[in-house]
1. Give me the pairs, please: first residue somewhere in segment 187-215 and more than 19 Å from HIS9 (Cβ to Cβ) and without any contact (Cβ under 8 Å) to a residue 40 or more places away in the chain, second residue anywhere and of a type outside the set (Phe, Trp, Tyr) and assigned to a loop (DSSP other than H, G, I, E, B), beta-carbon distance under 9 Å, and either six or more positions apart or on two chains.
2. Which residues, taken from segment 30-77, are assigned to a helix (DSSP H, G or I) and hydroxyl-bearing (Ser, Thr, Tyr)?
3. For segment 60-81, state whether one or more residues are buried (at least 16 other Cβ atoms within 10 Å of the Cβ), within 27 Å of LEU171 (Cβ to Cβ) and charged (D, E, K, R).
4. Just one of the numbered conditions (1) in a helix (DSSP H, G or I); (2) over 28 Å from ARG79 (Cβ atoms) is not true of LEU169; which one?
5. Check whether at least one residue in segment 145-162 is within 24 Å of ARG79 (Cα to Cα), outside any helix (DSSP H, G or I) and of a type in the set (A, V, I, L, M, F, W, C), and report yes or no.
6. Restricting the search to segment 43-74, which residues are among the aliphatic types (A, V, I, L, M) and farther than 21 Å from LEU200 by Cα?
7. Which numbered condition trips up ARG40, out of (1) under 15 Å from the mean Cα position of the chain (by Cα); (2) closer than 25 Å to HIS160 by Cβ; (3) among the basic types (Lys, Arg)?
8. Would you say ARG40 is surrounded by fewer than 19 Cβ atoms within 10 Å (Cβ to Cβ), at pLDDT below 95 and farther than 21 Å from GLU206 by Cα?
Amino acid sequence: MTNPSYPRHVAIIMDGNGRWAKKRAMPRALGHRQGGEAVRRTVQAAEDLGLECLTLYAFSSENWKREEDEISDLMNLMRRFIEANLEDMVERKVRLKIIGDYKAFAPDIVERLEDALERTKDGERTLAVALNYGAQQEIARAAQLAAQEGEVTPEAIDRHLYTADLPPLDLLIRTSGEVRLSNFLLWQSAYAEMLFMDVLWPDFGEDHLRDACEEFAKRERRYGGR
């Protein structure tokens, strides 16, 4: 049963795959693969904890600057993840949502993503995945669309964000011990609680997510008030 004091919408900056691999003298690609296993665990944990929406920062608009081999590994991991998990998502009634310009990916990936979006559209809970995403670009895009309609207001920008149909962001987690947002959900994080956890993403699991939700439940949210 859902704990009413837990967040409805949790977002995670999944950081630390490369460092996890480096600590073990392994290729970065193996770190990303283990990170994929952490995604599976965390999606299941979100369901078990009754979270309404989980948003994961999978590939930023700045990640194109990485080495070609690493980008290729990430693209192949994306293909395998869709193939391995789509049927399970359909069965468990998880709706996939993509935030970002995913159509910049290879045609076969775009086709797989759009098939997954269609097949999971009636899901009862949401897994939102940020792909080719940057928050500054998202805000600029939303402001341009709002301006085309008339006055640019916070409410108008809200309506044109990728996350417009998601619950407000309650909790943002970053793994690996780094303390920055890295151009992720900047607008949505205005009044979100934040938690920076000293665990590398491939080691993240249900206990970490539960601990984060318990920490959230202890906090008093004032939204700028006293």
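1. That search, which allows pairs on different chains as well, returns ASP198/THR175; ASP198/SER176; ASP198/GLY177.
2. From segment 30-77, those assigned to a helix (DSSP H, G or I) are 30-48, 63-65, 68-77; that's our starting set.
The answer is THR42, SER72.
3. The answer is no, given that none of the residues of segment 60-81 is buried (at least 16 other Cβ atoms within 10 Å of the Cβ), within 27 Å of LEU171 (Cβ to Cβ) and charged (D, E, K, R).
4. (1)
5. First, pick out the residues of segment 145-162 that are within 24 Å of ARG79 (Cα to Cα): 162.
Within this subset, residues satisfying the condition of being outside any helix (DSSP H, G or I) are 162.
With the extra rule that they be of a type in the set (A, V, I, L, M, F, W, C), the set shrinks to none.
No, because not a single residue in segment 145-162 is within 24 Å of ARG79 (Cα to Cα), outside any helix (DSSP H, G or I) and of a type in the set (A, V, I, L, M, F, W, C).
6. Residues of segment 43-74 that are among the aliphatic types (A, V, I, L, M), as a first pass: 43, 45-46, 49, 51, 54, 56, 58, 71, 74.
If the condition is that a residue be among the aliphatic types (A, V, I, L, M) and farther than 21 Å from LEU200 by Cα, then LEU49, LEU51 are the ones that fit.
7. It is condition (2) that ARG40 fails.
8. Numbers: surrounded by fewer than 19 Cβ atoms within 10 Å (Cβ to Cβ): yes; at pLDDT below 95: yes; farther than 21 Å from GLU206 by Cα: no.
Taking the combined requirement at face value, the residue does not satisfy it.
The values are calculated or read from the model by the stated rules, or taken from the named source; none is laboratory data. For clarity, every value in this text was computed on a predicted model and none was experimentally measured. Virtual Cβ from ideal backbone geometry, glycine too; neighbours counted across all protein chains shown.
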